[in-house]
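In what follows, a structure is listed as structure tokens, so that the remarks can point back to it.
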Amino acid sequence: MPATESPRRGRRPGDSGARDAILGAARARFSTAGFRDATVRAIAGDAGVDPALVMHYFGSKQGLFVAAMEFPLDPSQVVPRLLAPGVDGLGERLVGFLLQVIDELGEANPMLGLVRSAVGHPDAARMMREFLGEAILDRIAAAVQADRPRLRAELCASQIVGVIMARQILALPELAAADRATLVAAYGPTIQRYLTGSLAP
């Protein structure tokens, strides 16, 4: 019997649907496996393409997650920008940037949908935790080169998710009405302390 031909991989000639196929496979894989365990190779296999094509379109797993979940920020671009001026003022820059993204996108911000879903759905909670932690805050905390970087990252995450929940979802009146500069002045030093201050009792 003739040998069965293996399915062709790599760029699909003339197939403009390859990118959409990758995004569909990524959404399904991220939803079931979470951000950490969803590999580029597995997503490429689900989409019927070569992993190199995934990297060609999206650059990294973080970039693929951002595109698949329609997130408004790419950690590979944002984190270096926040870190470039140095450690001083990092907390204020981080809070200011996130508030700017949230304010500009309003209800169209997919981060709000993921936060809402995370309250009642373990898979959404895992994706939010892994993406916010590993892709953004872990990298920022590690760059600070202080002790216990994972704890520092999770302290920052608790504050950031709390701000999103209280201001955008619960819409606490005074918090929702406060201008961005006031919130940066209030939250920035706390985030800075989490990143660079002493964690000793």
| If the Cβ limit is 9 Å and pairs must be 6+ apart or interchain, which residue in region 70-87 that is of a type in the set (Phe, Trp, Tyr) pairs with which residue that is at pLDDT 75 or above and surrounded by 15 or more Cβ atoms within 10 Å (Cβ to Cβ)? | PHE71/PHE65; PHE71/PHE131
| query | Just wondering, is there one or more residues in region 36-51 that are closer than 20 Å to GLU154 by Cα, surrounded by fewer than 18 Cβ atoms within 10 Å (Cβ to Cβ) and at pLDDT below 90? | reply | yes
| note | Those residues of region 149-190 that are β-branched (Val, Ile, Thr) and within 18 Å of the chain's Cα centre (by Cα) come to a total of 4
| message | Just to be sure I understand, how many residues within region 108-153 are at pLDDT 75 or above and within 21 Å of PRO80 (Cβ to Cβ)? | response | 21
| Flag if ARG93 is buried (at least 18 other Cβ atoms within 10 Å of the Cβ) and either within 17 Å of PHE35 (Cβ to Cβ) or in contact with a strand residue (DSSP E or B) (Cβ under 8 Å, 6 or more places away or on another chain) (or both) | no
| field | Pairs with Cβ under 6 Å, 6+ apart, first in region 145-172 and over 18 Å from VAL119 (Cα atoms), second crowded, with 17+ Cβ neighbours inside 10 Å and of a type in the set (A, V, I, L, M, F, W, C) | value | PRO149/ALA141; ARG152/ALA141; ARG152/LEU195; ALA153/LEU137; ALA153/ALA141; CYS156/LEU137; CYS156/ILE191
| field | Residue check, ALA146 in contact with a Leu (Cβ under 9 Å, 6 or more places away or on another chain), aliphatic (A, V, I, L, M) and surrounded by fewer than 19 Cβ atoms within 10 Å (Cβ to Cβ) | value | yes
| query | Can you find even one residue in region 86-107 that is at pLDDT below 80 and part of a loop (DSSP other than H, G, I, E, B)? | reply | no
| Within the group ARG129, ARG139, which residue is part of a helix (DSSP H, G or I) and in contact (Cβ under 8 Å) with a residue 40 or more places away in the chain? | ARG139
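Which of the residues belonging to region 166-188 are of a type outside the set (A, V, I, L, M) and surrounded by 15 or more Cβ atoms within 10 Å (Cβ to Cβ)?
Once the filter is applied, which keeps residues that are of a type outside the set (A, V, I, L, M) and surrounded by 15 or more Cβ atoms within 10 Å (Cβ to Cβ), region 166-188 yields ARG167, GLN168, TYR187, GLY188.
The values are calculated or read from the model by the stated rules, or taken from the named source; none is laboratory data. Keep in mind it's a predicted model, so treat the numbers as computed, not measured. With ideal geometry, Cβ positions are generated from the backbone for all residues, glycine too; neighbour counts draw on all protein chains shown.
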